[in-house]
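> Got a structure for you, written out below as structure tokens; questions coming shortly.
The values are calculated or read from the model by the stated rules, or taken from the named source; none is laboratory data. Since we're looking at a predicted model, the values are computed, not measured. Quick reminder, even Gly has a Cβ in these numbers, built from the backbone with ideal geometry, and neighbours come from all protein chains shown. Each accessible area value is taken on the protein alone, full model and side chains, heavy atoms only, with ligands, DNA and RNA left out. Shrake-Rupley method; radii C 1.70, N 1.55, O 1.52, S 1.80 Å.
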Amino acid sequence: MKSKYLLYALFSSVFLILLYATSVYEISAKDNPLFMSGNRTYICKPVYPVKINASQIPIGEKWTFIYPLKKGSNYHIYFIGDWIGSKTDYDIYIYDPIGNLVAVHTASAGFPEHLGNTIDDPFFTPKKTGNYCFVILNDPKESGGEDAATLMVIEHLRCNRWYKKYIKGKVGLSSSYETRWAYEFLSNSERIEIIVDVPDTLDLYEVRLYPMANPSKGIGENISGYPVAWEPGLYGKLDSSGCYGGYNLDDDGFRHEELTSSCEFPGQDLIINYTSPFKGDTILYHLVFIGEDGEGIIKFMIKTDFKPPSIKLQTNISRVRAGHGTIISAEISDEDSLNSVFLCYTNNSWASKNCTPMKRTSEGTYIGIIPAYPKGNRIDYKIVAVDMAGNSAEALGHYIVKDETSISFNISKTAVYVGEKIKVSGRMSHGDDNILLNFTSGRDRVVKSIDVGADGSFSYEFTPSSPGKWTVKAVYPGGKMYFGAETREKSFFVMRIPTSIELSLSNHTINIGESIIMEGSLSPIIKEGAVNIQIIAPNGSVIKKRIIVDSQGRFKLEFKPSMPGRWSIQAFYNGDENHSSSRSKIEELMVNETWMNKLVGLLSQFMLYIVAAIGGAVALVVFIIYRRRSEYE
């Protein structure tokens, strides 16, 4: 019986698609010659492509197309055809229902016009409900052609959301305004379900799905990064594969059988379960609804999300005090959108429970509050998230309610010497427990476990092992009934032990050739401490001696000066890791000359001459003796 209405349906569709409405449509426009003059065509609803034939809009002329659009809806509006890539330069001006110019699109010749809200937005979202005028001007300055084009305006839907649409069946043989409707959507999902809840008062003739573009396969193209339909497919043509195009709203028009569903009786819910053969490709689809009998509001969803939401608990619950509520937060995301997020909790292992909606505070973050419970309660909780497609997920957690712990302490001194004790004393909010004292200096770390008395008091004497800055803090790791706690660090300084060194000489005046005894002591006694003796001779030369102190800290050195004059002697201790350096006072030694030493020195000074004189005398005597012998012979 449905095929009987073909002629009536075709006539009705053509009549509704294009009505020259110069005298029908009245616009409360501003005084704008571009807006007020020229041909006008009223398009009854944004579901049909509008064909602009070659030479229909001569250079310098314009044509106005009027569409009824709804406030807040997203419309995909594109202007394609033979003119793209040619010398034809069409400019488009959009006016709202009261005649205000709301958008201007004037790309250069041959470039497709982008008709979104912004450069980056592929969709146009009206701010008012009413008739919008799309004025297409063949630019008199830039254009060099009058090529054919197609103007398409269609409402865009997001996947995995429920939508409602009033559909009215045919009255006799005639279709009403709400009998046929269409939308577009975009998806790269391999699986698509079209779910339609049909009221008992309505019999749907058909629900159809048409793949319209796949730019990755050369079907259609991208304009401003978003696919637009393959132009022949908008007029019912199929591509060579038979997969794309064929779009129409006629009762007996082409449909893909596997992408079509129909009611056998009023109120029958419909579903199209489609598996795309183009895995991973982003496809532009058109979705068509055609009413048969009755009327009502359908509820439908384009389901591409079959995965449950992802829940990542952000709350790291380590402290829940008795008498205080607990904030639970989680990062919750979904392939598309969430429908509900609830926080459920119990203190009796789910024998009973309470649930409360979680609030979204920022992108993907939700919070809920569990009320206060007494100390000792174990609280189990779970987050239940359900997305718009009906997929659900849960995340579980628990915590134990405890009492807080507070700690305070003091140190007896802020500066001590190595080997000197420092006392740490304090109090914890509960007793009969243990507490840790952490002593730290550079790489050195000492941890001591200290008993806490019944009244919460504790004390400990600590002997630092090395000089430098030390810190100490008290730490309670926590127990079954009490939370852990730790104090701020307190610092104290450990100084190196000061030293002193004494030096004395057995005699401060001696004759050359004599020796002296140098004696001294290092305080405090340092086992195997090394003392350096520096001796400066009268000529400035330096003699250094190193002596190890005995068990009493004493040292002794015998020294014989090599020359007369004034000598300076001083003892040094260079210090070590735990002791500071020190030096003795300078001791003076006077070494005197003797007459024998002077004589020896004088002889030493003239020894060469004396030897030469003696040698000469001996040679003379030998020569005289030799001459006399010769004379006698």
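> Ranked from the most accessible area to the least, with a 1.4 Å probe and all protein chains present, what is the order of Trp567, Trp350, Trp230? Mind showing how you got there, number by number?
Details: Trp567 0, Trp350 95, Trp230 60 Å².
Heavy-atom accessible area, descending, gives Trp350, Trp230, Trp567.
> Taking the Cβ of Asn434 as the centre, find all other residues whose Cβ is under 12 Å away and add up their charges (Lys, Arg: +1; Asp, Glu: -1).
Here the count lands on -2.
> Return the lysines within reach of Lys128: Cα separation strictly under 18 angstrom, same-chain partners fewer than 8 residues apart disregarded; answer none if there are no such residues.
Within the straight-line cut-off, Lys128 pairs with Lys30, Lys45, Lys70, Lys71.
> Leaving out ligands, DNA and RNA but keeping every protein chain, what accessible area does Met388 have, in Å² rounded to the nearest 10, with a 1.4 Å probe?
40
> Would you calculate a helix-derived [θ] at 222 nm for the chain, using -39,500 (n - 2.57) for each DSSP H run of n ≥ 4 and dividing by the full residue count, to the nearest 500?
-3000 deg cm²/dmol, from helical runs alone.
> Roughly speaking, what is the centre-to-centre gap between segment 155-227 and segment 461-486 when only Cα atoms are used, to the nearest Å?
69
> Need the full-extension length gain, Ile625 to Arg566, defined as separation in residues times 0.36 nm minus the C-alpha distance. One decimal, nm.
Working: separation 59, 0.36 × 59 = 21.24 nm, distance 5.48 nm.
Separation in residues times 0.36 nm, less the Cα-Cα distance, equals 15.8 nm.
> Could I ask something else about it? Starting from the 7 Å offset along Cα-to-Cβ, what nm value, one decimal, do you get for the label separation of Lys490 and Met590?
Computed distance between label sites Lys490 and Met590 equals 6.1 nm.
> So how exposed is Tyr417, as accessible area in Å² (1.4 Å probe, rounded to 10)?
For Tyr417, the solvent-accessible surface is approximately 90 Å².
> Using 0.36 nm per residue, how much length does the chain from Asn348 to Asn539 gain when fully extended, once their Cα-Cα distance is taken away?
Between Asn348 and Asn539, full extension yields 59.0 nm more.
> For a quick check of understanding: with a 1.4 angstrom probe and all protein chains in place, what accessible area in square angstrom does Glu528 have, to the nearest ten?
So the heavy atoms of Glu528 present about 140 Å² to solvent.
> Oh, and also: Cut-off under 20 Å on the C-alpha distance; same-chain residues fewer than 8 positions from Lys527 excluded. Which aspartates and glutamates are left, in chain and number order?
List returned: Glu420, Glu502, Glu519, Asp550, Asp576, Glu577.
> So, one more: Show the residues, 5+ positions off or on another chain, whose built amide H is closer than 5 Å to the amide H of Ile219.
Asn214
> Could you check the spin-label model distance between Ser523 and Ser108? Points 7 Å from the Cα along Cα→Cβ, value in nm.
If labels sit at Ser523 and Ser108, their model points lie 9.9 nm apart.
> Just to be sure I understand the model, the point goes 7 Å from the Cα along the line to the Cβ. What's the resulting Thr260 to Ser551 distance in nm?
Modelled inter-label distance: 11.5 nm.
> Sort out for me the Cα centre separation of segment 550-595 from segment 268-342, rounded to whole Å.
One Cα centre to the other: 92 Å.
> For volume of the Cα convex hull per residue in Å³, which listed value, (i) 212; (ii) 452; (iii) 174, comes from the coordinates shown?
(ii)
> Hey, if we sort Ile497, Ile383 by accessible area with the 1.4 Å probe, largest down, what's the order?
Ranking Ile497, Ile383 by accessible area, largest first, yields Ile497, Ile383.
> How high is the FRET efficiency between Phe278 and Lys51 when r is their beta carbon distance and R₀ equals 30 Å, given to the nearest 0.05? Please report the intermediate quantities before stating the final value.
Numbers: r = 28 Å, r/R0 = 0.93.
About 0.60, to the nearest 0.05.
> If we count every other residue with Cβ under 10 angstrom of Ala389's Cβ, Lys/Arg +1 and Asp/Glu -1, where does the sum land?
So the surrounding residues net to -3.
> What list of ³J(HN,Hα) couplings, whole Hz, do you get for segment 292-301 from phi and the Karplus terms 6.51, -1.76, 1.60, once you set θ to phi - 60° and write x for glycine and proline?
10, 8, x, 7, x, 9, 8, 10, 9, 8
> If you fit an axis through the alpha-carbon atoms of helix 595-632 and take the longest principal axis of the Cα set of the chain, what angle between them do you get, 0 to 90°, nearest 10?
The answer is roughly 60 degrees.
> So who's got an amide H within less than 5 Å of the one on Leu238, skipping anything under 5 residues away but keeping other chains? H placed 1.01 Å off N, in plane.
Placed amide hydrogens put Gly246 under 5 Å from Leu238.
> Okay, moving on. For the chain, with every protein chain kept in place, what is the accessible area per residue (1.4 Å probe, Å²)?
Result: 52 Å² of accessible area for each residue.
> Sort Ser562, Ser340 by accessible area with a 1.4 Å probe, largest first.
Ranking Ser562, Ser340 by accessible area, largest first, yields Ser562, Ser340.
> Moving on to the next point. Taking 0.36 nm per residue of separation and subtracting the Cα-Cα distance, what length does fully extending Ser392 through Glu142 add?
84.3 nm
> To continue, here is another question. If I compute solvent accessible area with a 1.4 Å probe over the protein chains, what percent of it on the chain is carbon and sulfur?
Numbers: 16770 of 32620 Å².
C and S fraction of accessible area: 51 percent.
> Give, as a single signed number, the net charge of other residues whose beta carbon lies under 13 Å from the beta carbon of Asn160, with Lys and Arg counted +1 and Asp and Glu -1.
Details: positive: Arg158, Arg161, Arg191, Lys303, Lys307; negative: Glu193, Asp305, Asp334, Glu335, Asp336, Asp387.
Neighbourhood net charge equals -1.
> How do 262-271, 288-297 rank on mean C-beta neighbours within 10 Å, highest first?
Numbers: 262-271: 14.6, 288-297: 19.5.
Listed from highest to lowest mean packing, they are 288-297, 262-271.
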